[in-house]
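K.L.:
This is the structure I have questions about; it appears just below.
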Amino acid sequence: MKKKVILFLSITFAVMVTVVVIRDMLNGNFSTWPAGLGTIFCGTLPIFLLF
């Protein structure tokens, strides 16, 4: 049960951050993509640690 909750929260967070980074890039703000990639990596880290 805990694995499902962790998977759901991690995937949801990573998808939301990805959407924000893509939206910023489409609006011409290319300075936030390194922080966005780091945040996406940190958001998916629990998924990697589960397996």
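K.L.:
Over the chain, calculate the relative contact order: mean separation of alpha carbon pairs under 8 Å at least 6 apart, over the residue count, as a percent.
P.N.:
52
K.L.:
Keeping all protein chains in the complex and leaving out DNA, RNA and ligands, what accessible area do you get for Met16 with a 1.4 Å probe, in Å² to the nearest 10?
P.N.:
Approximately 110 Å² of Met16 is accessible to the 1.4 Å probe.
K.L.:
Using 0.36 nm per residue of separation minus the Cα-Cα distance, give me the extension gain between Asn27 and Val5 in nm, one decimal.
P.N.:
4.6 nm
K.L.:
For Leu9, what is the net charge nearby, where nearby means another residue's Cβ is under 13 Å from its Cβ and Lys, Arg count +1, Asp, Glu -1?
P.N.:
Computed value for this residue: +3.
K.L.:
Could I ask something else about it? Using the Karplus equation 6.51 cos²θ - 1.76 cosθ + 1.60 (θ = phi - 60°), what ³J(HN,Hα) coupling, rounded to whole Hz, does each residue of region 31-38 give in order, writing x for Gly and Pro?
P.N.:
Couplings: 7, 9, 5, x, 5, x, 5, x Hz.
The values are calculated or read from the model by the stated rules, or taken from the named source; none is laboratory data. Remember, predicted model here, so these are calculated numbers, not experimental data. Neighbour counts run over all protein chains shown; Cβ positions are idealised from the backbone, glycine included. The protein model used for the area step is the full one, side chains on, heavy atoms only, and it has no ligands, DNA or RNA in it. Shrake-Rupley method; radii C 1.70, N 1.55, O 1.52, S 1.80 Å.
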